[in-house]
Each structure stands twice: as structure tokens, then as C-alpha cells.
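Before I ask anything, let me first share the structure, which is written out below as C-alpha cells.
Every read-out reported here was derived from the displayed coordinates using simple, explicitly stated rules and does not represent laboratory data. Just so it is clear, the model here is predicted, and its values are computed rather than measured. So basically every Cβ, Gly included, is an ideal-geometry build from the backbone, and we count neighbours across all protein chains shown.
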Amino acid sequence: MATIKQIAELAGVSVTTVSRILNFDDTLNVQNQTKKRVFEAAESLEYQVKEKKKKRKKLKIGVLSAYTAEEELEDTYYLAIRLAIESKAKEEEFKCQQLEIDNFMEAALKVDGLICIGTLGTAVLDKLRGLQKPVVCVDMWDDEDQFDSILVDSRDGTKKVLKYLFEEGHTKIAFLGGYDIDSEGVLHEDRRAQRYREYMNRYGIFKEKYIRLGGYTLKDGYQLGKQLLEETKDDLPTAIFTANDALAVGCYRAIQEAGYTVGHEISVVGFNDISIAKYLVPPLTTLHIYMDFMGAEAVSLLMERIYTGRKICKRVYIPAKLTLRSSVASLKNKE
């Protein structure tokens, strides 16, 4: 904390004047310009003190992912988040160590804090609690009151997609999604599927036959899409909303094999906006998730908690942006 003497020297006034100004003594007769100099000097010195405090030890961060390297390549969403975490850690000159989900406790004891990616099982979460270290969870919904978390606003994202499709004249909207499988193999229904049901029911157009749940890979998208088209051939959906872009890619193939055209007879909207989405034929309309920001923010949130000693956890929701390309046909002017 800056002293009154330091403020007085910087502002060019007496110590008494500084004391009276900072205590808002309304009997003091000085010009506003003098008061301004004193307040600016106080702010300047306080800022300098804060800057000095920021020069603290470099952190060692453990990164614990629920997904293997092979699974990351099947859905590059989590790969992008992990790379963003590593990039931000490098920028801050922190050490970043990737931990093995099956054997992480010994290494976790040697880090200052952990960033966890994806859905973790109960046993893993219990171990993390036992560490009594700062933890940030990325893309894992949990009622945890000990860990910080960064989440995509799936409710708002689903609403944006369905609202757009409604506005383009689509009411027969199918959904392809999956089950989140935690690190112990327990299934958790996709929250986007829950939002889909809510919104479709709100408009009175929900049909159970239009929803398919399985996994999240390209192969899953193909199989679920093929099953959907075969079982609804007498009442085909005009649009398909997929829980991620990998599912959309597989769905493209199923649509084309069935003799339909993506973006003409059947529209497709994805979720995530991975790097390949813009190169599909036709380019995929999808919900853009700020994966780079999520990864960087996870590091910043962990830094803040470690350096300040904050005890109350934070839950940060990241909005998503609908990126319009060519995979959706407008039915507004069609009979």
C-alpha cells in the first residue's frame, strides 16, 4: 500500500493536504485540479504496488483429460481446448503437464492446480477433492461447489439453432446426439438433447421418432443418420440438428447415400465449428464455440484462484455464435 508521504511527493502537495483530500474533508479549500493530482497520484502508486505483487512464482499446471489422444482426433473439439490451454500456459511461462486419467494422483501432488477437460467420473472427482488444490473443469456440468468451471451455454446455443430453423420454415427438425461417457463409463444424456425436447415441446412439434442418441463420432453420425432416414422415410425431417460437427459429417454421408442432397432436400446444422466445417460440401452451418477462449480462460481462472486464494467457486458460461453457411435450405416461400 502506498504511503501518504509518497502520494504527497508525487502530487507536489503537503502530507496534511493529501490526508485531508483522501478523507474527503469538505472544510479544505483547495482547487479541484489539486484534488485531481492527489487522486491520480494515489491511483498511480497503488497500481505500481499491484504490479509488483503480480510478479509471483511461475505455476505448474496439471491437465487431466477424460479423452484419449485417439478420441481427441475423432472429435477435435477437445483437442482444440487442450491446445489452447497449453498455448496460454506457455504464454504465461508456466509449466504444463498432461496427466494420465488412470494414474494421476502422484503427479497431481506436484502441481499448483489442475485443469480438467470433459466429463469425469465420481471416483476421479473424489480424488480431486481430496487433493485440496485449485481445480478448473472445462465442459463438465456438475453441481460441484468446490471446483471452478467453464461451460458452453447449451441452452442458449440450442435455442439459437432451433429459432433459426423455425425462421427458415422448418418444423420437422430431427436431432442426432449422444451420451457423455465419464471416465468410469457412466452415461449422461446430452444436455442439448434435453434442450431440444424442451424447445420442440414448447412449439408443440416434438416427435420422438426424430431424435437419435448414440455416440459423437463421424461413424456414429453416419449410423444414426442412416437409421433416422430409414425409419422416417414416410415422414422425413427437413432439417437435422447434430450435437457436434463430427456427427454432421457422418450425417452428410448418410443423406447422400440415401439419394438426398444436403442443403436442398435435407438441411443440416452442426455444433462446435471445428476447422473442417467450412470445407465440407456444402459448407456446414454450425454453432461456433470459442474453444481457444475456453482453454485460455481456464488458465486465467486457475491463475486468479491460486494467486488470490479465492474460496468461492466460479461457473463461467461462454456464449456461442451461429455461423451461417450453405447447409440449410429456406422453406419460407415453399408451399
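Determine Rg/Rh for the stretch 211-256; Rg is computed over alpha-carbon atoms and Rh is the Kirkwood hydrodynamic estimate from the same atoms.
Value, to two decimals: 0.93.
Using helices alone, what [θ] at 222 nm do you get for the chain, with -39,500 (n - 2.57) per DSSP H run of 4 or more residues, divided over all residues and rounded to the nearest 500?
Result for the chain, helices only: -13500 deg cm²/dmol.
By what distance, in whole Å, do the Cα atoms of the stretch 154-289 stretch along each of the three principal axes, largest value first?
Result for the stretch 154-289: principal-axis Cα extents of 40, 32, 29 Å.
Additional query: Answer with a single label: of [x] 31, 55, 14, 0; [y] 27, 41, 22, 9, 0; [z] 34, 60, 6, which was calculated as P(r) over Cα pairs in 20 Å bins from 0, in percent from the structure in view?
After the calculation, the listed value that fits is [y].
Can you list, bin by bin at 5 Å, the percent of alpha carbon pairs in the stretch 196-273, starting at 0?
Taking all Cα pairs of the stretch 196-273, the binned fractions are 3, 16, 28, 26, 19, 7, 1 percent.
Hey, another quick one. Where in the stretch 147-240 are there trypsin sites (Lys or Arg not before Pro) that are in a DSSP coil and have at most 11 other Cβ atoms within 10 angstrom of their Cβ?
233
Alpha carbons only, please: Rg and Dmax for the stretch 55-148, in angstrom.
Calculated on Cα positions, Rg and Dmax stand at 12.9, 40 Å.
Could you tell me what a quarter of the Cα convex hull surface of the stretch 118-228 works out to, in nm² with one decimal place?
8.1
Take residue 141 and residue 23, extend 7 Å from each Cα along the Cα→Cβ direction, and tell me the distance between the two endpoints in nm.
Going from the residue 141 label point to the residue 23 one covers 5.6 nm.
Would you order 102, 139, 25 from fewest to most other beta-carbon atoms within 10 Å of each residue's own beta-carbon? Mind dumping the intermediate values first?
On the way: 102 7, 139 23, 25 12.
Taking fewest neighbouring Cβ atoms as first place, the list is 102, 25, 139.
Taking the Cα centre of the chain as origin and charging only Cβ (+1 Lys, Arg; -1 Asp, Glu), how large is the dipole, in debye to the nearest 20?
About 1360 debye.
Still on this structure, please answer the following. Among all helices in the chain defined by DSSP H, which have a length of 15 Å or more along the axis from Cα atoms plus a Kyte-Doolittle mean of at least 1.0?
Qualifying helices: none.
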